[in-house]
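For reference, the structure discussed in these notes is given below.
What follows draws every value from the coordinates through simple rules; no lab data is involved. Please read these numbers as outputs of a predicted model, since none were measured by experiment. Cβ atoms come from the backbone with ideal geometry, glycine included; neighbour counts cover every protein chain shown.
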Amino acid sequence: MIEFILNDRKIRTDKPSGLPLLDFIRYEQSLTGTKIGCREGDCGACNVLVGHLQDGQMKYLPITSCLTPIGNVQGKQVVTVEGLNMEDLSPVQQYMVDEAGTQCGFCTVGFIVSLTGYCLSHSTPDYKAAIAAIDGNICRCTGYKSIERAARHITNALAGKDTRETVDWLVERKFIPPYFKEIPNMLQTIGAENGGQKNGVLVGGGTDLYVQKHDQLLDREVDLVANHPNWRFITIKNGVCTLGGATTVTDVQESDALQTLFPRLTQHLKLVASSPIRNISTLAGNFVNASPIGDLTAFFLALNAKIELTEDDKSRTIFLKDFYKGYKDLDKTKGENITAISFIIPPANSHFNLEKVSKRIHLDIASVNTAAQIIVESGVIADAHISAGGVGPTPIYLKDTCAFLMGKPLTPELIRAAIDVLQSEISPISDVRGSENYKRLLLRQLFYAHFIKLFPNQISLEVLA
Ligand SMILES: Cc1cc2nc3c(=O)[nH]c(=O)nc-3n(C[C@H](O)[C@H](O)[C@H](O)COP(=O)(O)OP(=O)(O)OC[C@H]3O[C@@H](n4cnc5c(N)ncnc54)[C@H](O)[C@@H]3O)c2cc1C
Ligand code: FES
Ligand code: FES
């Protein structure tokens, strides 16, 4: 039995835990405001807010309901556009109307939900954050300018928002209906344990599985790990950072400890998908999907991370770089799951960078990506871990290139000479994302970019060109 709150109503359902939330909302509850656009996480027409209690306060995140198994909202509140409607339009709805931010209207509910999610966040209102909140919403009609103007008005209307008692503040100003105040008490009466079943297909966020296998999962019980505290955590102990396999990209992005370790973390992770996808995408899902262009895989390969594989009560730990044996061929038995990822905390003199080139900057997968962790001591490269994606059948740890760099003085000549080694250990193919030659050229440029960004005093574009 799965229990959650849908807007202001408690739901108890014996539907299979793999049923997409979108189907439940529309076909079982007849709440047809939530639209079906792409069913692939791209358009945002199906966006809903999911709220849960965190440190005594409600935290709301937008997610794509088309890719979310219903079992993943166990113990949470789901807010659809119907749950935002009041007698009069909310300021978010009214500004969209005033600025002609809606034309055919198909995308509009998704925008309203995402922008209301922005209002509900506990951060200080900021126009850039309003725009970032709709990074997963696509509109084919408006040209976006009208929606951007609405976002600016909404931000202005939030001036003076109480960032601690946000819900009360928003209810008073009729951004959201009064029932929102009752939700924390209602949630106390529902258990948060996932409604999945062991031995079904293991689902993290579902953002890969539901794109590919939606039809095969909708009437199945699935094995859900996304809400399990043993699978979703970030700890730092004895110089090692460990993350649960079901830790989401947003969890990583919001971690103060990781922000301190990687000052450009937000910039890097904003290149991954969109907010609603990052809110549910797990690290293990990215690794096991084994896409040669997985961005999180590139990130953790460059940290020389290890993964813990567990089956029943047996666990083993291997380097992530040894996980990939061939195209979608993994060092993993059918029953093994990734329970944790760990990496040694980089020393203070370590430098980290991630580069990604895709056809669009946001909400697009990479043509080529790469990450690098480099330590330079007294002008000499003391340690180097560099990854590359999109240039072979698997995500690649550039072991020969790293070995070539190590122990040598950091000079433009060395970086240029490393390119021959780099080119010898990749095998890109021509496909829709570019020709083989283009990908080779891209990786060369991105490899240069690591050094230009990380060591601007020693390496510049001019000296490498
Ligand atoms: C619109 C859109 C944009 C995207 N953009 C990007 C992007 O920019 N960059 C990028 O890298 N990816 C992108 N992705 C891909 C996807 O979001 C990521 O790969 C994500 O990290 C997958 O995680 P998940 O939890 O959703 O995986 P799921 O779909 O839940 O699972 C994927 C696979 O991993 C398995 N699995 C999940 N968890 C575990 C575990 N703990 N142990 C063992 N097996 C497990 C599942 O059984 C399944 O085989 C995008 C996807 C969409 C839909
Ligand atoms: S229907 Fe397009 S993102 Fe879900
Ligand atoms: S108004 Fe038509 S898709 Fe946005």
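On a 0 to 90 degree scale, rounded to 10, what angle separates helix 145-157 from the longest Cα axis of the chain?
The angle comes out near 70 degrees.
Count the lysine pairs in the stretch 315-387 whose Cα atoms sit under 22 Å apart, keeping only pairs 8 or more residues apart in sequence or on different chains. Walk me through the numbers before you get to the answer.
Working: Lys321/Lys332; Lys321/Lys334; Lys321/Lys356; Lys325/Lys334; Lys328/Lys356.
For the stretch 315-387, qualifying lysine pairs total 5.
Under the √(5λ) rule applied to the eigenvalues of the Cα gyration tensor, what semi-axes describe the equivalent ellipsoid of the chain? Give them in Å, descending. If you can, show how the numbers build up before the last one.
Values: eigenvalues 314, 132, 85 Å².
Computed over the chain, the values are 40, 26, 21 Å.
In whole angstrom, how long is each semi-axis of the equivalent ellipsoid of the stretch 2-188, when you take the square root of 5 times every eigenvalue of its Cα gyration tensor and sort them from largest down?
Working: eigenvalues 120, 86, 35 Å².
Here the semi-axes work out to 24, 21, 13 Å.
Just need the Rg to Rh number for the stretch 58-169, please, alpha carbons only, Kirkwood Rh.
Numbers: Rg = 13.9 Å, Rh = 14.6 Å.
My calculation of the ratio gives 0.95.
Name the residue farthest towards the positive end of the dipole of the stretch 2-188 from the options Cys141, Phe175, Tyr127, assuming +1 on Cβ of Lys and Arg, -1 on Cβ of Asp and Glu, about the Cα centre.
So the residue we want is Cys141.
Taking the 0 to 90 degree range and rounding to the nearest ten, how far is the long axis of helix 412-424 tilted relative to the main principal axis of the chain, both from C-alpha atoms?
Orientation of helix 412-424: about 80 degrees from the principal axis.
Over the chain, what is the mean sequence separation of C-alpha contacts under 8 Å (at least six apart), divided by residue count, expressed as relative contact order in percent? Intermediate results must be reported in sequence, preceding the final value.
Details: 956 pairs, mean separation 55.1, N = 465.
Over the chain, the number comes to 12 percent.
Towards the positive end of the charge dipole of the chain, with charges on Cβ (+1 Lys, Arg; -1 Asp, Glu), say which of Thr166, Phe111, Ile338 has the farthest Cα.
Selected residue: Phe111.
Per the helix-only calculation at 222 nm, which mean residue ellipticity applies to the chain, given -39500 (n - 2.57) for every DSSP H run of n ≥ 4 and division by its residues, nearest 500 deg cm²/dmol?
Working: 17 runs with 141 residues, N = 465.
Estimated from H runs of four or more residues: -8500 deg cm²/dmol.
Express in whole angstrom the spacing between the alpha-carbon centres of the stretch 345-379 and the stretch 37-113.
33 Å
Pick out, from Ser90, Met186, Ile25, the residue whose Cα sits farthest towards the positive end of the charge dipole of the stretch 2-188, with +1 on the Cβ of Lys and Arg and -1 on the Cβ of Asp and Glu.
Projecting each Cα onto the dipole axis, the largest value belongs to Ile25.
Treat every Asp and Glu Cβ in the chain as -1 and every Lys and Arg Cβ as +1, leave all other atoms uncharged, and give the resulting dipole magnitude about the Cα centre to the nearest 20 debye.
600 debye
Which loop trypsin sites (Lys or Arg not before Pro) in the stretch 353-433, with loop taken from DSSP, have no more than 14 other Cβ atoms within 10 angstrom of their Cβ?
Details: sites: Lys356, Lys359, Arg360, Lys399, Arg416, Arg433; in loops: Lys359, Arg360, Arg433.
Of the trypsin sites (Lys or Arg not before Pro), the ones in loops of the stretch 353-433 whose Cβ has at most 14 other Cβ atoms within 10 Å are Lys359, Arg360.
With a cut-off of 8 Å between alpha carbons and a minimum separation of six or more residues, what is the relative contact order of the stretch 350-464 in percent?
Working: 196 pairs, mean separation 28.3, N = 115.
Here the relative contact order equals 25 percent.
Taking only C-alpha pairs under 8 Å that are 6+ residues apart, what is the relative contact order of the stretch 2-188 in percent?
Answer for the stretch 2-188 is 24 percent.
If one takes the longest principal axis of the Cα atoms in the chain, at what angle in degrees, from 0 to 90 and to the nearest 10, does the Cα axis of helix 108-120 lie?
80 degrees
Counting Lys and Arg as +1 and Asp and Glu as -1, what is the net charge of the other residues whose Cβ lies under 12 Å from the Cβ of Tyr144?
It works out to a net charge of 0.
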